[in-house]
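Presented below is the structure to which this report refers.
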Amino acid sequence: MSSIGIIANPASGKDIRRLVSYATTIDNQEKVNIVKRIVLAAQSLEVDTIWIMPDTFQIGYTVISDLLKEEKLHIDCQVMEIPLTASAEDTTTAAVEMEKLGVGCVIVLGGDGTSRAVAKGLKDTPLLPLSTGTNNVYPTMTEGTVAGMAAAVIACMANPKECCIQDKRIEVYRNGVFSDIALIDAVITDDLWIGAKAIWDAEKLKHIFVTRCHPASIGFSSAAGCIQIVKDSDPHGLALTLEETGEKIIAPIAAGILAPLSYSKAERMPLGMPMELVMEWDCMVALDGERELRGKKGDRLAFTITQNGPWRVEIRKTLEKAVEMGLYKRF
């Protein structure tokens, strides 16, 4: 018996960054179509059960209803019964419950923030993140069919972690107390306005901490990536201090936008070595692009990169392993 979970965020790809850049978005009807392709592909590779997170757009119910009408759904596919708050807590709760149900893999449709919310709820279950927009670093643009195949293979493997990489994460502490995590970047900004959770104004940035960075990424981690490349497999991250009088660069911080930035310091962050700042002004800490933590003058903020992140599925490696296992053969 094998099972997978699907978490599709109906709110992803709709934040203010779409208004201030030229980002691609995927509407909720297309998310329904992606989930359909995931379900059909996983079913074809003999997954027995699929659990889908409930949401305000009712993506899961629509998928099940449509596929039943088309007489295409032949396995147990259910929407989980969990209370909705229309917040990121729903995503984390669904991830926790899916792990309790023993699913072999959780597929996530959303951006960096959605993947972060799922990662907060998983301990050992492999995670397969799919991007639903342009401003994403952690999830990748992958065809739903391929994602469904990979999740099915992972779910039936005796040792799925051989086809996964355990990601790094940033652990954030305020005054010595653990506060939150980020998968890609933690940013300190002096923009305290919280009308929108997403941040977009590069001129307000003061510090950027990243687990990985590359100039081919879109977002604030690319600023670090335009100075030094850090891979997901490297045993360190990078910290960037931004100052107007520093060295000048341009970086693709949003779709279609290369913004000028000035930095005074770029420091390697070894695993497990906290970097601490005593705030000289009130600030906001954004995690994977969204404002999450308010800091006050005098607060001690510490950022530590660890290897405690989720087990992320390496899709191509997984499907290549399936060839070795003969999972595509039919007799």
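On a per residue basis, the chain carries 45 Å² of accessible surface, using protein heavy atoms and a 1.4 Å probe. Our coupling estimate for the range 118-132, obtained by passing each phi through the Karplus curve with A = 6.51, B = -1.76, C = 1.60 and θ = phi - 60°, is 5, 4, 5, x, 9, 10, 10, 6, x, 10, 10, x, 10, 7, 10 Hz, Gly and Pro reported as x.
Counting only protein heavy atoms and a probe of 1.4 Å, the accessible surface of the chain is 51% carbon and sulfur. 3J(HN,Hα) along the range 90-102, derived from phi through the Karplus expression 6.51 cos²θ - 1.76 cosθ + 1.60 where θ = phi - 60°, amounts to 4, 5, 5, 4, 4, 4, 4, 5, 5, 5, 4, 6, x Hz, with x in place of Gly and Pro.
Here the Karplus relation 6.51 cos²θ - 1.76 cosθ + 1.60, evaluated at θ = phi - 60°, turns the backbone of the range 141-147 into coupling constants of 6, 10, 4, x, 4, 5, 4 Hz, with x for every Gly and Pro. The local environment of Pro54, defined by Cβ-Cβ distances under 12 Å, has a net charge of -4 under the rule Lys, Arg +1 and Asp, Glu -1. Between Asp282 and Lys297, the built amide H atoms are under 5 Å apart, and every one of these is 5 or more places off in sequence or on another chain. Sparsely packed loop sites in the range 155-264 (the chymotrypsin sites (Phe, Trp or Tyr not before Pro) outside DSSP H, G, I, E and B with at most 16 other Cβ atoms within 10 Å) comprise Trp193.
Near the amide H of Ala8, within less than 5 Å, lie the amide hydrogens of Met53, Leu109, all on another chain or at least 5 residues away, with H placed in the peptide plane. Counting only trypsin sites (Lys or Arg not before Pro) that are in a DSSP loop and have at most 13 other C-beta atoms within 10 Å, tell me the longest site-free stretch of the chain. Maximal segment without exposed cleavage sites: 124-230.
Volume per residue for the chain equals 129 cubic angstrom (convex hull of Cα atoms). Among the GluC sites (Glu not before Pro) in the range 244-323, those located in a DSSP loop and surrounded by at most 10 other Cβ atoms within 10 Å of their own Cβ are Glu280.
The values are calculated or read from the model by the stated rules, or taken from the named source; none is laboratory data. No experiment lies behind these values; they were computed from the predicted model shown. Neighbour counts are summed over all protein chains in view; Cβ atoms, including those assigned to glycine, are modelled from backbone coordinates with ideal geometry. Just so you know, the surface numbers come from the protein's heavy atoms only, side chains and all, with ligands and any DNA or RNA stripped out. Shrake-Rupley method; radii C 1.70, N 1.55, O 1.52, S 1.80 Å.
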